[in-house]
Amino acid sequence: MKSKYRIAAACFLACLLLWIPNSCTSSDQKSSSTPVKWYSYKEGLTAGKKEKKNILINFYADWCGYCKKMDNETFKDAPVVNYLNENFIAIKVNSDKEQQVARDFYVQGLPTIWFISNEEERLTSLPGYVPADRLLPLLKFIHTESYKKMKFSEFLNTKM
């Protein structure tokens, strides 16, 4: 039971930290020539189990401006792309076309990112636009399973 509260607190703190205004701009980030390897929902779940990797699900819609901004900035940032491709299975779900999947994950706004384990255990969600410099530490926090032993703020103070 303590673990659930710790995860919830860490997720809340992560969301809070992601909303703090950022003084860095995306122009400081290096764009990757290698794209994120996106999977469909079903293919991604199968790949996650097979490769024993956590899964990032990116819920988006074609009309969503911030979804496009994440595609053009966050998901083209070289460190984010490399870390995602190496350590996660990335799934992209169009919430207009796959409405049932979006409902199953309680998606109420876009973009929304969900992190789930390779066994499909829901770890946390992250609503709204997330710049690359804020997503990368969260990817590391989830991948290393640090959320099981510390708060996100403590993780940020450690050497990543």
Problem - Note, ³J(HN,Hα) from phi for the range 115-122, Karplus 6.51, -1.76, 1.60, rounded to Hz, x at Gly and Pro - result: 10, 10, 6, 5, 9, 6, 6, 6
Exercise for the section: List the residues whose amide H sits under 5 Å from the amide H of residue 128, counting only those 5 or more places along or on another chain, with H placed 1.01 Å from N in the peptide plane. Expected result: 112, 113
Practice task
Over all alpha-carbon pairs in the range 47-143, figure out the percentage whose distance exceeds 23 Å.
Solution key: 19 percent
Handout entry: Which listed pairs, of 37/69; 50/140; 50/97; 76/149; 52/149, have C-alpha distances above 24 Å, in listed order
Key = 50/97; 76/149
Practice task
Show the residues, 5+ positions off or on another chain, whose built amide H is closer than 5 Å to the amide H of residue 123.
Solution key: 115, 116, 117
Practice task
Tell me, rounded to the nearest percent, the portion of alpha carbon pairs in the range 92-160 spaced more than 20 Å apart.
Solution key: 37 percent
Problem - Residues 124, 34, 74, sorted so that the one with the fewest Cβ neighbours within 10 Å comes first - result: 34, 124, 74
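No value in this document is a laboratory result; all are computed from the given coordinates. None of the values given here were measured: they were computed from a predicted structure. Neighbour counts are summed over all protein chains in view; Cβ atoms, including those assigned to glycine, are modelled from backbone coordinates with ideal geometry.
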